[in-house]
């Protein structure tokens with residue numbers, strides 16, 4: 001584990017314990033089966049990054065309210081995240097998530113779709129309890145965006161015309177708006193100034209974009225045992241991410257033909273995959289993605305620089321840096 | 001078409017036109033594909049019963065507000081309904097809906113799941129615009145209930161232990177809470193008295209139960225061309241409804257064995273199905289279901305009797321009666 005991760009974990013240990021507790025308390029289905037399926041995705045080693053972002057965003061804005069209620073509210077971001085993971089794994093035909101078989105391979109598609117629906121509804125139900133219309137509005141908008149981002153991605157599967165702008169638009173919707181919403185909600189709960197609200201929302205969206213870019217990089221640079229899911233899975237699904245988009249655009253016609261063959265032939269061999277990674281390196285796609293992710297990390301950090309120095313501010317800055325150094 | 005249906009239609013023509021218009025106006029996705037998939041389910045001859053119930057409930061409580069906004073609000077019940085139909089058809093492995101191939105047979109499971117998510121989110125987004133926390137609360141609770149009702153049903157597929165009470169609990173969640181929510185929301189929008197609010201909520205839930213029972217009857221008494229979906233489809237999925245539950249409980253051991261064989265053997269023949277219907281008649285399952293549905297219709301009507309006489313009241317009473325005479 002990296003030093004940075006250790007440092008962050010030691011600073012948020014208490015928050016994580018409370019979030020974990022709230023996630024168990026607020027699920028509240030009337031059928032045991034739903035509890036089983038939801039728990040499989042909820043309690044399989046998720047980082048709790050989204051609830052944590054909400055808590056820290058509230059805290060940096062000076063929030064001093066009822067922390068029990070606040071931890072409950074923070075679960076909406078993990079429940080919604082889990083709901084989309086259940087549906088996305090099914091949509092992607094994934095087999096592993098965090099080293100575990102995905103829910104639909106255990107319980108089948110139907111139960112998985114419906115448990116996703118339940119978690120989505122639960123998330124919105126809890127958001128209503130805040131009594132803050134703006135928070136509920138953010139949550140429903142996020143849900144709209146995420147489904148649209150996923151569909152957008154799906155319609156462009158295997159399509160080498162995908163542009164960098166389109167890629168960014170997709171990851172903004174499918175990943176970044178949720179982190180943005182978590183940070184923004186923290187500010188709203190803390191009744192923060194408009195300046196603080198906007199800063200945290202911008203921090204969140206840029207962090208989210210950096211996280212997704214780093215995730216997309218890991219699919220080419222990590223290995224299955226560390227990643228907890230199959231390396232090269234994105235490509236097997238036909239999901240084209242920035243390393244490929246950039247390299248393909250830069251490649252000469254000969255290498256383009258090789259890349260196109262590997263990308264369209266979804267049952268590529270290990271050697272094919274190694275060859276593709278060589279080409280991603282040759283044309284700078286990995287490097288470019290890393291650089292762009294770093295740019296978003298820096299942007300995220302800049303947005304919150306005006307806050308007074310505090311442990312919470314340091315944490316938010318560290319979390320932004322962590323987006324790029326994490327291994328899974 | 002029955003006289004009752006004609007009478008109702010002539011009284012709501014203008015409302016239906018406005019609802020239709022609002023359904024087109026409020027969908028608002030950023031991808032054409034979502035529009036296509038959503039339109040396939042939304043504009044394929046649905047009765048618009050749920051939006052209509054909301055409009056009529058508001059009107060009977062004396063609502064005189066901005067009707068444009070009200071028609072927009074009423075779409076939340078059709079969008080949520082369509083979202084659950086998309087997911088349920090997939091869960092049920094259905095092939096036809098209103099005489100058309102189901103969405104997942106055209107666009108595949110992934111697009112269908114995600115368009116369902118989008119419609120669900122859209123529905124909740126529009127409900128937020130009412131600014132009424134209670135309405136949003138009702139909507140999120142309905143969404144929780146519906147997913148749980150569907151999962152409950154799914155876990156009891158083909159299980160002849162299913163009791164009448166459990167059946168009613170399932171149909172309450174999967175169907176009746178949405179009609180209840182539509183009527184209740186109408187009252188809330190009209191800023192109705194607590195008595196009116198409660199009466200319309202009770203009208204809605206009882207109407208919903210009657211509607212689902214009538215639906216379950218049609219699966220045994222209609223034919224495919226009228227129904228717009230395969231007759232006997234429930235049984236093929238292993239979905240046990242009241243006609244079967246009741247008759248099986250009443251049957252002698254010999255007939256029970258015959259019924260059990262047909263029910264568990266999901267690829268039963270036309271003759272098997274005819275034989276089963278004979279047994280449902282012999283043991284009174286069809287008659288009993290009709291009687292119980294009628295009881296709920298009467299209950300629904302009784303709850304709104306105290307309202308002053310008006311065309312709207314007559315309509316709501318007629319709609320309750322229509323639950324049992326409709327053919328599809």
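Within region A:225-241, which residues are surrounded by 15 or more Cβ atoms within 10 Å (Cβ to Cβ), modelled with pLDDT under 90 and in contact with a helix residue (DSSP H, G or I) (Cβ under 8 Å, 6 or more places away or on another chain)?
A:227, A:231, A:232, A:233, A:234, A:235, A:237, A:238
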Every residue from region B:148-163 that is facing chain A (nearest Cβ under 7 Å) and without any contact (Cβ under 8 Å) to a residue 40 or more places away in the chain
B:148, B:151, B:152, B:155
Would you mind stating whether residue B:273 is part of a helix (DSSP H, G or I) and surrounded by fewer than 17 Cβ atoms within 10 Å (Cβ to Cβ)?
yes
When every residue in region B:1-21 that is more than 21 Å from residue B:313 (Cβ to Cβ) and in contact (Cβ under 8 Å) with a residue 12 or more places away in the chain is compared, the one surrounded by the fewest Cβ atoms within 10 Å (Cβ to Cβ) is B:21
Take region B:121-130 and flag every residue that is in a helix (DSSP H, G or I) and more than 7 Å from chain A (Cβ to nearest Cβ).
B:123, B:126, B:127
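Conditions (1) touching a residue at least 60 places away in the same chain (Cβ under 8 Å); (2) crowded, with 23+ Cβ neighbours inside 10 Å; (3) not in a helix (DSSP H, G or I), marked per residue:
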| site | (1), (2), (3) |
| --- | --- |
| A:23 | no, yes, no |
| A:39 | no, no, no |
| A:59 | yes, no, no |
| A:63 | yes, no, yes |
| A:81 | yes, yes, no |
| A:89 | no, no, no |
| A:94 | yes, no, yes |
Flag for residue B:278 being without any contact (Cβ under 8 Å) to a residue 40 or more places away in the chain, within 18 Å of the chain's Cα centre (by Cα) and in a helix (DSSP H, G or I)
no
It is to be established whether one or more residues within region B:164-184 are in contact (Cβ under 8 Å) with a residue 60 or more places away in the chain, more than 14 Å from chain A (Cβ to nearest Cβ) and not in a helix (DSSP H, G or I).
no
For region B:242-270, give me each residue that is assigned to a helix (DSSP H, G or I), modelled with pLDDT under 95 and either within 27 Å of the chain's Cα centre (by Cα) or closer than 16 Å to residue B:219 by Cα (or both).
B:262, B:263, B:264, B:270
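Among the residues of region B:185-197, write down those that are assigned to a helix (DSSP H, G or I) and in contact with a helix residue (DSSP H, G or I) (Cβ under 8 Å, 6 or more places away or on another chain).
First pass over region B:185-197, keeping only residues assigned to a helix (DSSP H, G or I): B:185-189, B:194-197.
Within region B:185-197, B:185, B:186, B:187, B:188, B:189, B:196, B:197 meet the criteria.
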Mind listing whichever residues of region A:96-120 are surrounded by 22 or more Cβ atoms within 10 Å (Cβ to Cβ) and within 10 Å of another protein chain (Cβ to nearest Cβ)?
A:111, A:112, A:113, A:114, A:115, A:116, A:117, A:118, A:119, A:120
Given (1) under 17 Å from the mean Cα position of the chain (by Cα); (2) crowded, with 24+ Cβ neighbours inside 10 Å; (3) at the interface with another protein chain (Cβ under 10 Å from one of its Cβ atoms); (4) under 23 Å from residue A:47 (Cβ atoms), where does residue A:213 come up short, assuming only one miss?
(3)
Going through region B:284-328 one residue at a time, which ones are more than 12 Å from residue B:8 (Cβ to Cβ) and under 15 Å from the mean Cα position of the chain (by Cα)?
B:293, B:296, B:297, B:324, B:327, B:328
Residues that are over 16 Å from the mean Cα position of the chain (by Cα), closer than 19 Å to residue A:238 by Cβ and not in a helix (DSSP H, G or I): does region A:146-156 have at least one?
yes
Pull out all pairs, ordered by first then second residue, where Cβ-Cβ is under 6 Å, the residues are six or more apart or on different chains, the first lies in region B:255-271 and is over 19 Å from residue B:284 (Cα atoms), and the second is in a helix (DSSP H, G or I).
B:266/B:236; B:268/B:262
Please enumerate the residues belonging to region A:131-147 that are touching a residue at least 24 places away in the same chain (Cβ under 8 Å), facing chain B (nearest Cβ under 9 Å) and surrounded by fewer than 24 Cβ atoms within 10 Å (Cβ to Cβ).
A:141, A:145
Hey, residue B:34 outside any loop (DSSP other than H, G, I, E, B), within 14 Å of another protein chain (Cβ to nearest Cβ), in contact (Cβ under 8 Å) with a residue 12 or more places away in the chain and surrounded by 15 or more Cβ atoms within 10 Å (Cβ to Cβ) or not
yes
Residues of region A:287-312 being part of a loop (DSSP other than H, G, I, E, B) and buried (at least 17 other Cβ atoms within 10 Å of the Cβ), in sequence order, are A:304, A:307
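The values are calculated or read from the model by the stated rules, or taken from the named source; none is laboratory data. All values reported here derive from a predicted model rather than from experimental measurement. Positions of Cβ are generated from backbone atoms using ideal geometry, with glycine treated the same way; all protein chains shown enter the neighbour counts.
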